[in-house]
Ligand SMILES: Nc1ncnc2c1ncn2[C@@H]1O[C@H](COP(=O)(O)OP(=O)(O)OP(=O)(O)O)[C@@H](O)[C@H]1O
Ligand SMILES: [Mg+2]
């Protein structure tokens, strides 16, 4: 048998296999003809919560979830008969009864007379993959809802126009009615005006909805960040109300211009506002502040747009993770963990940056840096510019 040396010691191939198996990132185990575990590695201990000695006194049926034992039996028998390699998804059960989704690759080993000896299996923990799949399904569902919403917004237009016209005609008819005007006629007029206002609100909402979902292939234009932030607050108004958040918008009109895709920028601020509301859902003070100040870096002028909340804050060691795709602390169905990673992508495309500062228990500020429009222009005209 070939020998190799580790730290001066001679090691046989059989030992090499043991060392690899011991440090392998997946469970490796072997079971005999009745399902008793006869070999297992370190990963099995850490994943299942049993010691190696305990595992070696257990039967394979004890580490699988009770609800799939029929299938385990069937698979085991098949493996004993055919010995072919099988790859299946299954569910293990750890010491505390927690279910662990896994992918199993198994094969049978036989003696020279074809008599079954053992099975060997490599078992991979696929919890993260499953989680990712669920998140993707959720993200896909959200995208579909977005598309549906923009369709509904479009379809609302026709009946909305009919209602506008009808209320206008009713108002005209009322105005043309002979004197003297009665009290009930005045009441009717007031109601019609109220109805018109409500209709305008629906029109504005559906406009926002269809613009918002059309954001992807948008052209860049010079925009006033005041209108981006005002529109974002408008889109998120329900969330703000639901979480009983007080907003302070310090951004004035007509000062803060940048060149960008308005709906993409709104998407960024809507996510920041929504996140802030979520972070304040269970805190006492619920205050959201939006402000903009000038900022210079490497001779370039930026607008620093701050979205600050008085929410639960973010632990220091999670500050960088919040920008990673699929990082979320929200319960299933409430967050995909894509908001900030998409936002960072959008802001980078605008040659800007996004940063976070947070103090646990006090609150969080997300700062979005966007190039000032006059600097973007100057940059494009200069041959060295990167605009
Ligand atoms: N203002 C905030 N205060 C505290 N934690 C925050 C704040 N903003 C973001 N986070 C943390 O960062 C995580 C990621 O945010 P992100 O917007 O990327 O995803 P999400 O809000 O969880 O889901 P969605 O894809 O629906 O936006 C949040 O789940 C939360 O833990
Ligand atoms: Mg979010």
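Worth a mention:
- Residue list for region 209-241, restricted to those being assigned to a helix (DSSP H, G or I) and free of Cβ contacts under 8 Å to residues at least 40 places away in the same chain: 226, 227, 230, 231, 234, 235, 237, 238, 239, 241
- Members of region 245-267 found to be assigned to a loop (DSSP other than H, G, I, E, B) and away from ligand 1 (no atom under 16 Å from the Cβ), listed by number: 250, 251, 252, 253, 254, 255, 256, 261
- Pairs where the first residue, in region 273-295, is without any contact (Cβ under 8 Å) to a residue 24 or more places away in the chain and the second is more than 10 Å from ligand 2 (Cβ to nearest atom) and not in a strand (DSSP E or B), C-beta under 9 Å, 6+ apart: 284/310
- Counting only residues that are part of a loop (DSSP other than H, G, I, E, B) and touching a strand residue (DSSP E or B) at 6+ places or on another chain (Cβ under 6 Å), region 268-285 holds 1 of them.
- Every listed requirement among (1) assigned to a helix (DSSP H, G or I); (2) more than 30 Å from residue 264 (Cβ to Cβ) is met by residue 151 save one, (2).
- Of all residues in region 63-82, those being under 40 Å from the mean Cα position of the chain (by Cα) and surrounded by fewer than 15 Cβ atoms within 10 Å (Cβ to Cβ) number 7.
Here is a yes/no grid of residues against (1) within 13 Å of residue 272 (Cβ to Cβ); (2) touching a helix residue (DSSP H, G or I) at 6+ places or on another chain (Cβ under 9 Å); (3) away from ligand 1 (no atom under 11 Å from the Cβ):
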{"residue": "305", "(1), (2), (3)": "yes, yes, yes"}
{"residue": "311", "(1), (2), (3)": "yes, yes, no"}
{"residue": "323", "(1), (2), (3)": "yes, yes, no"}
{"residue": "355", "(1), (2), (3)": "yes, no, yes"}
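- Selection from region 289-306 of residues that are within 27 Å of the chain's Cα centre (by Cα) and at pLDDT below 95: none
- Condition check for residue 295: more than 16 Å from ligand 2 (Cβ to nearest atom), closer than 19 Å to residue 354 by Cα and surrounded by fewer than 18 Cβ atoms within 10 Å (Cβ to Cβ): yes
- The single condition among (1) part of a loop (DSSP other than H, G, I, E, B); (2) surrounded by fewer than 18 Cβ atoms within 10 Å (Cβ to Cβ) that residue 374 does not satisfy is (1).
The values are calculated or read from the model by the stated rules, or taken from the named source; none is laboratory data. This one's a predicted model, so the numbers in the text were calculated from it and none came from an experiment. Because the Cβ atoms are built from the backbone with ideal geometry, glycine has one as well, and the counts that use them run over all protein chains shown.
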